[in-house]
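What follows draws every value from the coordinates through simple rules; no lab data is involved. Please read these numbers as outputs of a predicted model, since none were measured by experiment. Glycine gets a Cβ as well: all are built from the backbone with ideal geometry, and neighbour counts include every protein chain shown.
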Amino acid sequence: MLKKIWPSVFCFTASLLAYFSYHIIGVSIDKDGYLREPFFLIPTSMLFAVLGTMLLLYYLYSNKLK
């Protein structure tokens with residue numbers, strides 16, 4: 001039963017890692033005036049958070065039916 005919740009935990013952990021990585025790496029402006037930021041980490045974090053929520057809701061709903 002506990003094995004079914006691990007994908008949700010993994011997704012939430014990956015979401016937090018992407019979120020904190022974005023803030024640790026930070027944003028900078030190079031000498032030519034271009035903004036340098038790891039923008040791909042923002043949607044990645046949101047994607048993992050939504051996926052983790054969906055998996056958690058599915059897990060809770062499937063346990064309620066049993």
**OP:** For region 5-19, indicate whether the set of residues that are among the hydrophobic types (A, V, I, L, M, F, W, C), loosely packed, with under 13 Cβ neighbours inside 10 Å and over 30 Å from ASN63 (Cα atoms) is non-empty.
**Re:** no
**OP:** Answer yes or no: is there a residue in region 34-43 that is part of a helix (DSSP H, G or I) and either surrounded by 14 or more Cβ atoms within 10 Å (Cβ to Cβ) or of a type in the set (Val, Ile, Thr) (or both).
**Re:** yes
